[in-house]
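Enquirer: Could you have a look at this structure, given as structure tokens, before my questions?
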Amino acid sequence: MPKAFYPFKEIFSLKKVMPLLVMAIAICNACTAQEDSQSYYYKKAYTEDSLDNDTAALADFSRCIQLDPAFANSWVARGNVRCKLKDYSGSLADCDKGLELDPDNAIAYNDRATAYIHLEDYKLAIADCNKAIQLNPRFTEAFLNRASSWYLLGNVDKCSADIDSARRINPEFFGVKISTKMVTDYYSKNGWEKYGKNEMYPEAIAEYKKGLTLNDTCADLWYILGGAYYSNKQYAEAKEAFKKALKLEPDNDNAKKGLDAAEKMTEDGH
């Protein structure tokens, strides 16, 4: 089974979020006259959660629930914090309650999927991701959570398709970039280990192409595709692959040598 990965939460620099956090804290401070209100604790907890003050966020979301147990978002938010604190059963329970109150809450389905992934119940995670995506077809994190589940079940092709969907929605999302590289590396390694070194060149070519479908800017993958074409005596295709590798990485000496060899073979009528 492929090595597990879980790169699905975008990382923002403190510099970027600080103005928003200062504003949120100011809002909370402005609410001191209503310190025992649900909205005060929710804003305060949200700020703490953004700063990864998980224990404090948990306590304040719990206070939100005490003050207004019918507010679904408080249950869902507390479930997310519990997941961060590795209380996966507690996270599931909170997401369940949030969905009981708001059955169309896509975030609750995605957060529950996260807990299922940590509990290694990948099929249930996929079912929840399906529902989250049905409710919000542009939910990048739900596509990535489902991709993670498919990967951990050993179905890298379905994982790749979900990463591609996430990439089309939000190509700059941090998790998209990390997961794209990991799956591209998988196809590169698997193509060689399983097929290329065993002289199964058509199968290796197919595997490398899968990686390039996900990431066609990987010079190394174009180079090894060229090598597989060359070994399979497909010299014209090898030339094109080596050229693409050199377009992306002009100083790639191995690609230059591969291109020279492929051009010589075509000139000799092969």
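The values are calculated or read from the model by the stated rules, or taken from the named source; none is laboratory data. If you're wondering where the values come from, they're calculated on a predicted model, not measured in any experiment. Cβ coordinates were reconstructed from backbone atoms using ideal geometry, including for glycine residues, and neighbour counts include every protein chain displayed.
Enquirer: Can you tell me which residue in the range 151-170 is surrounded by the fewest Cβ atoms within 10 Å (Cβ to Cβ), limited to those that are over 13 Å from the mean Cα position of the chain (by Cα) and outside any helix (DSSP H, G or I)?
Expert: Selected residue: Gly154.
Enquirer: Further question: Going by what's in this entry, would Val76 be described as touching a Gly at 6+ places or on another chain (Cβ under 6 Å) and either surrounded by 24 or more Cβ atoms within 10 Å (Cβ to Cβ) or at pLDDT below 95 (or both)? Before you say what the answer is, go through the steps one by one.
Expert: Details: touching a Gly at 6+ places or on another chain (Cβ under 6 Å): yes; either surrounded by 24 or more Cβ atoms within 10 Å (Cβ to Cβ) or at pLDDT below 95 (or both): yes.
Spelling it out, Val76 is indeed touching a Gly at 6+ places or on another chain (Cβ under 6 Å) and either surrounded by 24 or more Cβ atoms within 10 Å (Cβ to Cβ) or at pLDDT below 95 (or both).
Enquirer: Given the structure, is Ala142 at pLDDT 95 or above and either in contact with a helix residue (DSSP H, G or I) (Cβ under 7 Å, 6 or more places away or on another chain) or not assigned by TED's automatic domain parsing to the domain that holds Pro103 (or both)? Don't jump to the end; show me each part of the working.
Expert: On the way: at pLDDT 95 or above: yes; either in contact with a helix residue (DSSP H, G or I) (Cβ under 7 Å, 6 or more places away or on another chain) or not assigned by TED's automatic domain parsing to the domain that holds Pro103 (or both): yes.
Considered against the rule, which asks whether it is at pLDDT 95 or above and either in contact with a helix residue (DSSP H, G or I) (Cβ under 7 Å, 6 or more places away or on another chain) or not assigned by TED's automatic domain parsing to the domain that holds Pro103 (or both), Ala142 comes out as yes.
Enquirer: I want to confirm something. Restricting to the range 129-149 and keeping residues that are of a type in the set (A, V, I, L, M) and more than 20 Å from Lys177 (Cβ to Cβ), which single residue is surrounded by the fewest Cβ atoms within 10 Å (Cβ to Cβ)? Give the derivation first.
Expert: Going through the range 129-149, the residues of a type in the set (A, V, I, L, M) turn out to be 132-133, 135, 142, 144, 147.
Next cut, more than 20 Å from Lys177 (Cβ to Cβ) only: 132-133, 135.
On the way: Ala132: 25, Ile133: 20, Leu135: 17.
It comes out as Leu135.
Enquirer: Suppose the filter is crowded, with 20+ Cβ neighbours inside 10 Å and either aliphatic (A, V, I, L, M) or under 28 Å from Glu120 (Cα atoms) (or both); does Leu92 pass it? Full working, then the answer.
Expert: On the way: crowded, with 20+ Cβ neighbours inside 10 Å: yes; either aliphatic (A, V, I, L, M) or under 28 Å from Glu120 (Cα atoms) (or both): yes.
Yes, satisfied.
Enquirer: Okay, next question. Select the helices (runs of 4 or more DSSP H) contained entirely in the range 187-270, then report the ones holding at least 1 residues which are basic (Lys, Arg).
Expert: 201-214, 235-248, 253-267
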